[in-house]
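Asker: If you scroll down you'll find the structure; I have some questions about it.
Read-outs throughout are calculated quantities, based only on the coordinates presented, and are distinct from any laboratory measurement. From a predicted model like this one, the values you see are computed outputs, not experimental measurements. Methodologically, a virtual Cβ is constructed for each residue, glycine included, from the backbone with ideal geometry; neighbour enumeration extends over all protein chains shown.
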């Protein structure tokens, strides 16, 4: 296949992906690759509405932590955080943005690099 044919084929695949409303893929762990939906206004709005209660906490920080209670440290009040609920909200957001969704089994297998990629994927929508 010539270089020109490869470019044309690549453009055709890109056009098909856009028609199907899919974007790039991310590798979350060995054997787990997910396709990201294109960030339409509707999808971005839905993800942002869903994520508005996440209090600006990144997924990578929230995952695996217990809930905390509000506490006073000197003059500063630290609010309570329900980290398990925040993690669940992120899981729902991932299911909104990945074409194939993200099963609980796949979620449990995401490796350290995949966690960084999940944070990055969310940045595109939030």
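Asker: Can you find a residue in region 62-76 that is closer than 25 Å to residue 24 by Cβ, out of contact with any helix residue (DSSP H, G or I) (no Cβ under 9 Å at 6 or more places or on another chain), in contact (Cβ under 8 Å) with a residue 12 or more places away in the chain and surrounded by 14 or more Cβ atoms within 10 Å (Cβ to Cβ)?
Answerer: no
Asker: Let me ask something additional. Please state which one of 52, 34, 109 is within 25 Å of residue 23 (Cα to Cα) and surrounded by fewer than 13 Cβ atoms within 10 Å (Cβ to Cβ).
Answerer: 52
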